[in-house]
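Chemist: Just passing along the structure, written as structure tokens.
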Amino acid sequence: MVHKAKAVALLTLILTFALAAEDAEDWIGAFRSVDYEEGEEALPEEKIYYFWQLENLRKAVPPRFIRFVDTFSALKTGKLLNRGVLFSYEGLANDEVSVCGEFSHWQCVSLQKNDKGIFYGVVDIHGDQLYEAKPAYEYKFKVDGIFTHDPENPDTVEDGEGSLVSRIAFREGGPNKQTSTRVLEDSPYEEKEFRTVEFRIYQPQAESVSLIGDFNHWDPESDFLIKERNGTFRVVKKLKPGEYQYNFLVDGKIVVDTYNPLTVLREDTGEISSALVVPTRTGVLERKKIDP
């Protein structure tokens, strides 16, 4: 335990200098729910904050995704860096405030109160295997036993009972700019002689991306990628085990797979292409039940 405490303290010291903690007055300009609405530009890089900055909030803010350093709970959880959605409520005259929402199946999560009268808490919103992820989750505050919407969040809808319910857009992680092609694990749709390959590339400014390779005769109209709201383009193909060459056609311009380190020189054109090795399946393909 002593060694673990020293390690946490040392890592905290390193992060303190490396991240240059910002003044508590200025840090709240992080992410807002509206930042994740359809049509927004690529998000800025996430900043890292400190737990003491949460404790020194001087006003309530709209919910936002943050990463923060928590040395207090690190010894118990083993996690120094944490992430989640910050919820806050201005309740100087209130005794108890909790946040309840679809992301917790309406189980209320208690918020802490600082000496400024601000209730705050970070909720780790993540996908639940038993429930399909939603683009937005509804929530309310429970203030001294009475439910109310978030007065700091302009994103509200009627709850059907004469009052309002607040919403927070869901994002697990952020847009991963370092996405690259990958061979997926077995799925219910696997075929015995084929592997499932997901081609993907982060191109938030592009309008059209297609996949060209020796598996589709370099035809730019055979495989168009679908653009997601975070700027990543994806397409899934079935390929037999073997070695392949491919490129992406981004708005008419041929580019390599940005974060795939494997490249080759095409003999027929002299162009540089990305290389892909689809391995032979090592295990037995199990029969999986597909729900109708």
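The values are calculated or read from the model by the stated rules, or taken from the named source; none is laboratory data. None of these values were measured; they are calculated from a predicted model. FYI the Cβ positions are ideal-geometry reconstructions off the backbone, even for glycines, and counts take in every protein chain you see. SASA here: full protein model, heavy atoms, side chains in, ligands and nucleic acids out. Shrake-Rupley method; radii C 1.70, N 1.55, O 1.52, S 1.80 Å.
Chemist: Would you check which residues across the range 234-265 are open to solvent by 80 Å² or more (accessible area, probe 1.4 Å), of a type in the set (A, V, I, L, M, F, W, C) and outside any strand (DSSP E or B) and list them?
Modeler: Selection gives Leu262 alone.
Chemist: Could you please find all residues in the range 202-233 being basic (Lys, Arg) and in a loop (DSSP other than H, G, I, E, B)?
Modeler: Start the filter on the range 202-233 by keeping residues that are basic (Lys, Arg), which leaves 227, 229.
Within the range 202-233, Arg229 is the sole residue that qualifies.
Chemist: Test Pro241 against the stated conditions and say whether it is in contact with a Pro (Cβ under 7 Å, 6 or more places away or on another chain) and either in contact (Cβ under 8 Å) with a residue 24 or more places away in the chain or aliphatic (A, V, I, L, M) (or both). Walk me through how you get there before you give the answer.
Modeler: Values: in contact with a Pro (Cβ under 7 Å, 6 or more places away or on another chain): yes; either in contact (Cβ under 8 Å) with a residue 24 or more places away in the chain or aliphatic (A, V, I, L, M) (or both): yes.
When the stated conditions are applied, Pro241 passes them.
Chemist: Here's something else I'd like to know. Can you say whether Glu138 is open to solvent by 50 Å² or more (accessible area, probe 1.4 Å), out of contact with any His (no Cβ under 6 Å at 6 or more places or on another chain) and at pLDDT below 85, as far as the supplied structure shows? Please lay out each step first, then the result.
Modeler: Numbers: open to solvent by 50 Å² or more (accessible area, probe 1.4 Å): yes; out of contact with any His (no Cβ under 6 Å at 6 or more places or on another chain): yes; at pLDDT below 85: no.
When the stated conditions are applied, Glu138 does not pass them.
Chemist: If you don't mind, another one. From the residues in the range 206-233 that are among the hydroxyl-bearing types (Ser, Thr, Tyr) and over 18 Å from Thr196 (Cβ atoms), which one is most open to solvent (accessible area, probe 1.4 Å)?
Modeler: Start the filter on the range 206-233 by keeping residues that are among the hydroxyl-bearing types (Ser, Thr, Tyr), which leaves 208, 210, 222, 232.
Add one more test, that the residue is over 18 Å from Thr196 (Cβ atoms), and what stays is 208, 210.
Working: Ser208: 50, Ser210: 4 Å².
By that ranking, first place goes to Ser208.
Chemist: Tally the residues that are within 19 Å of Thr282 (Cβ to Cβ) and at pLDDT 85 or above, restricting the search to the range 179-197.
Modeler: Qualifying residue count, the range 179-197: 6.
Chemist: From (1) under 30 Å from Ala169 (Cα atoms); (2) without any contact (Cβ under 8 Å) to a residue 40 or more places away in the chain, pick out the condition that doesn't hold for Ser222.
Modeler: Result: Ser222 fails condition (1) only.
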